[in-house]
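Asker: Here it is: the structure, laid out below.
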Amino acid sequence: MNLALVFALVFIVGTGLSLALTPVVRSVARRIGAMDAPGRRKIHSSPVPSLGGVAILVAFVASLLLGIWLHSGFEELLADKLTGVFIGCLILMAVGIYDDIRDIRPIFKLAGQVAATVVLLLYGFNIEKFTSPLSPSGSIAVPAAVGILLTVLWVVGLTNSINLIDGLDGLAAGIVFIASLTMMSVAIYRSDYDIALISIAIAGAVLGFLKYNFAPASIFMGDTGSNCLGFIFAAMSLLGTSKSTVAVALLVPIASMAVPLMDTGLAFFRRLIRGTHPFQGDREHLHHRLLALGLSQRQAVRLIYFISAYLGVIAFITVLIPFRFSFLILIILAMGLFLALKTLAYLEKHVAALAEKYEKKRD
């Protein structure tokens with residue numbers, strides 16, 4: 001069957017299944033008590049069903065298997081590394097479902113993420129080389145131990161980035177949808193059709209879920225969804241390293257997922273500097289800060305969508321130009337993000353000063 005038709009069917013089936021399954025999962029979540037209760041760090045004011053990630057993942061796996069069945073060229077994907085991704089997802093799914101129902105300590109979540117990453121390593125997902133213009137072959141091999149450490153850091157970091165950005169209705173799902181389309185576009189351009197198939201399956205499953213998750217959300221994806229989606233993205237990028245050097249394979253997800261990655265990195269170092277646990281939540285994530293400036297949930301989410309789409313375009317451009325210029329674009333992009341953060345900090349101080357002045361007038 002024609003690849004374009006396969007991709008279209010995978011997207012339609014993934015979206016349709018997610019649309020149909022999400023209300024069912026929402027009803028089950030209410031019955032078993034998988035509810036996300038309001039709290040100091042939460043935006044919602046009443047309990048909301050969780051476990052939406054189950055609907056996303058079932059729709060993703062079903063539509064992906066359909067694509068593999070429709071096109072014989074993808075059979076090797078199922079027989080080889082995709083099995084490792086599925087097993088890793090099952091581990092994260094089990095941890096996520098338990099956490100969505102009972103709540104578990106962050107250290108156990110981290111243990112589940114590391115265990116899932118070990119599965120990927122056993123199935124051959126590993127960072128083995130780096131791009132180097134000084135090498136005659138264009139790349140240099142890295143020691144096995146270094147490659148394993150970098151792989152664990154990459155997978156765990158990207159997994160947590162989706163988890164931590166999931167703080168507003170529709171935010172994480174929308175970012176994943178935009179990043180999936182970016183990954184798909186780049187993969188098709190590079191003729192990496194297996195990665196394109198995985199990307200379009202994610203996009204369809206997430207799009208169907210967004211109908212129920214956009215503000216006001218009637219269901220959250222929970223840790224079940226956020227952890228697995230971040231894990232799948234990390235695995236996709238590592239799958240790309242078997243076809244090209246690691247720098248090329250990781251540039252696209254780094255650029256397209258820059259918002260959650262940046263937010264996660266800042267949160268980690270912010271908590272370390274303050275002497276608090278790096279996995280202890282706070283209300284200083286990007287979306288919290290936008291809300292503090294007076295934006296509504298929908299306005300904040302749409303703004304971050306726009307930024308993510310812009311970064312997705314940048315990610316695609318890095319593939320079109322010679323590799324030696326790609327890093328220049330990323331440096332310029334990093335400078336822009338730094339200036340944006342400085343501007344945000346200035347606006348926060350300005351708004352806080354105005355609020356204090358207003359309170360004094362009222363008194």
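What follows draws every value from the coordinates through simple rules; no lab data is involved. Small disclaimer: the values here were computed from a predicted structure and weren't measured.
Asker: For region 83-93, take each phi angle, set θ = phi - 60°, evaluate the Karplus expression 6.51 cos²θ - 1.76 cosθ + 1.60, and give the result in whole Hz per residue in order, putting x for glycine and proline.
Answerer: 4, x, 5, 5, 5, x, 5, 4, 4, 5, 5
Asker: Residues with amide H under 5 Å of Gly167's amide H, sequence separation 5 or more or different chain, H placed in the peptide plane at 1.01 Å from N; which?
Answerer: Ala172
Asker: Taking amide H positions as placed in the peptide plane 1.01 Å from N, state which residues far from Met35 in sequence (5 or more) or on other chains have amide H under 5 Å from it.
Answerer: Ser50
Asker: Also, quick follow-up: Return the sequence-ordered ³J(HN,Hα) values of region 196-206 in whole Hz as given by the Karplus equation 6.51 cos²θ - 1.76 cosθ + 1.60 applied to θ = phi - 60°, using x for Gly and Pro.
Answerer: 3J(HN,Hα) across region 196-206, in whole Hz: 4, 5, 4, 4, 5, 5, 5, 4, x, 5, 6.
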